[in-house]
1. Which residue out of 445, 387, 465, 420 is modelled with pLDDT of 80 or more and either over 26 Å from residue 246 (Cβ atoms) or touching a strand residue (DSSP E or B) at 6+ places or on another chain (Cβ under 7 Å) (or both)?
2. Quickly run through the range 351-391 and pick out the residues that are over 15 Å from residue 125 (Cα atoms) and among the polar types (S, T, N, Q).
3. Within the range 59-99, which residues are of a type in the set (S, T, N, Q) and either in contact with a Gly (Cβ under 6 Å, 6 or more places away or on another chain) or at pLDDT 95 or above (or both)?
4. Return yes when residue 159 is among the small types (Gly, Ala, Ser), farther than 30 Å from residue 459 by Cβ and free of Cβ contacts under 8 Å to residues at least 12 places away in the same chain and no when it is not.
5. Among the helices (runs of 4 or more DSSP H) contained in the range 169-251, which hold 1 or more residues that are farther than 18 Å from residue 106 by Cα and at pLDDT 95 or above?
6. Kindly indicate whether any position in the range 15-31 is surrounded by 19 or more Cβ atoms within 10 Å (Cβ to Cβ), modelled with pLDDT under 90 and either part of a helix (DSSP H, G or I) or of a type in the set (Phe, Trp, Tyr) (or both).
7. Out of all the residues in the range 259-275, which are of a type in the set (Ser, Thr, Tyr) and touching a helix residue (DSSP H, G or I) at 6+ places or on another chain (Cβ under 8 Å)?
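The values are calculated or read from the model by the stated rules, or taken from the named source; none is laboratory data. Given the structure is predicted, the values throughout are model-derived calculations rather than measurements. Heads up, the Cβs are rebuilt from the backbone with ideal geometry, glycines too, and the neighbour counts pull from every protein chain shown.
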Amino acid sequence: MKTNNQKATTLRLSEIKSMPIRTFWITSIAFFICFFAWFGIVPFMPDVVRDLGLTPDQKWNSIILAVTGTVFARLLIGKLCDKYGPRLCYTYLLIFGAIPVILIGFVQTPIQFLVCRLFIGFIGASFVITQFHTSIMFAPNIVGTANATSAGWGNLGGGANRLGMPLIAAAVVSFGVADEIAWRYSMVIAGVVAMLMGVVYYFFTQDTPEGNFAELKKDGKMPTIKKDEETFLSVLKDYRVWILFVVYAACFGMELTVYGTMDDYLQNTFGLARTTAGNLVLSFALMNIFARTLGGFFGDKFGKLKGLRGRVLFLTVIMAAEGLMLSIFSVTTSLAVGMVFLIAFSLTVQMAEGATFSVVPFINKKAIGSISGIVGAGGNVGAFLAAMFLKSKSAVAETEALAANADLGEAAMKAAQSAAAASAVSSGYFIIGGFVVVSALTTLAIKFSKADEQDVAVEMEAKLAMATTDK
């Protein structure tokens, strides 16, 4: 593998002198830090509720706002990546995105908290830059695996905060800070780390194997602004982009929603303790270490066997499996059986996410950033809609249960409320699973021209030939 101005044809993680591999490591770590900070407040929500006096509605709204902010940021950041390059975009996102993370440690009212959660969501756009940067650093034969692995390892930040944030809080307390305000110091620390990572990104990465966008534009090797606008319009008109938007809503969006509601569901349905339920959900999130990579890996393998169509067919199959696993899990009443299907859902949903971004780089190579932004935003739109759907079903069911048992005492009312919530979410999961299966079938409409297939085949052969020569 050549280490200078060449796309990498293998994912040799020890080749840190290679710009693509160094970029892979830095962008994955940056993504991890962003997700760690984005969801960093989650382990502290009981403390926040007590400290700020949040109502149940305000707590739900804070979750929804955090996801909503990311939608707009992802749509914008993709186009900015195409224009200015991933290096500068990531640098500014990390530095400015760290500000609301730090500020949330100083909030005094519920409104201030909600505003900070909205703007913290912007840092979730880091996913788009990571996928864009790996897409232009790796050759077609390995790009799916590289995309999926960087995304999976970055996504770990959203689960690692369950362990990491309490550890940071414990360290803060050891310096004499009161337990009830340790969450504030922890968020400030997370924000400072994100800001420092922005400095690292600026000095130790570059936009492409050939150089930075500014240098390439100066040498006439980059499109003009007018062509950029024309390319972006062609992206908006491409039906395949919007199919992938729905697809990512049906995988990443559903993962966010299911994991966000699973703690309560396991407690209400199977009677698990909160700590046990939380640890189970964390273990599923940690499957990102390998599950997303598998999706990208098999996407690349099917791409070698069947071309670009092969990548689409694998995405169809793994998404259909995801939907079936969730629907079957939703109707299980045995904890042991339920865990089997929940593990299967975790595996398939993360593989589907990896498989999605083994297709994205081939839709339009002149606008990978814009497409990544739109598709990435689809994940958050899906999470928003699914969360609203489950919230509405659960709220209605719980209200009716409380009214029906109002004369039976507090214990009976709580039991009825838990049972109603479990039943509502169970039926919601079943419906969501059906939506995922339907979304899987829509991927079959994604087509590539013969010219697209030939271009990818030629590029792959050329890159592999160069790699062989350079060894």
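1. 420
2. Passing the criteria: 356, 358, 364.
3. Correct list: 70, 91.
4. Here the answer is no, as residue 159 does not meet what is asked.
5. Working: elements: 182-204, 213-218, 225-237.
Passing ranges, in order: 182-204.
6. no
7. 259, 261, 265, 269
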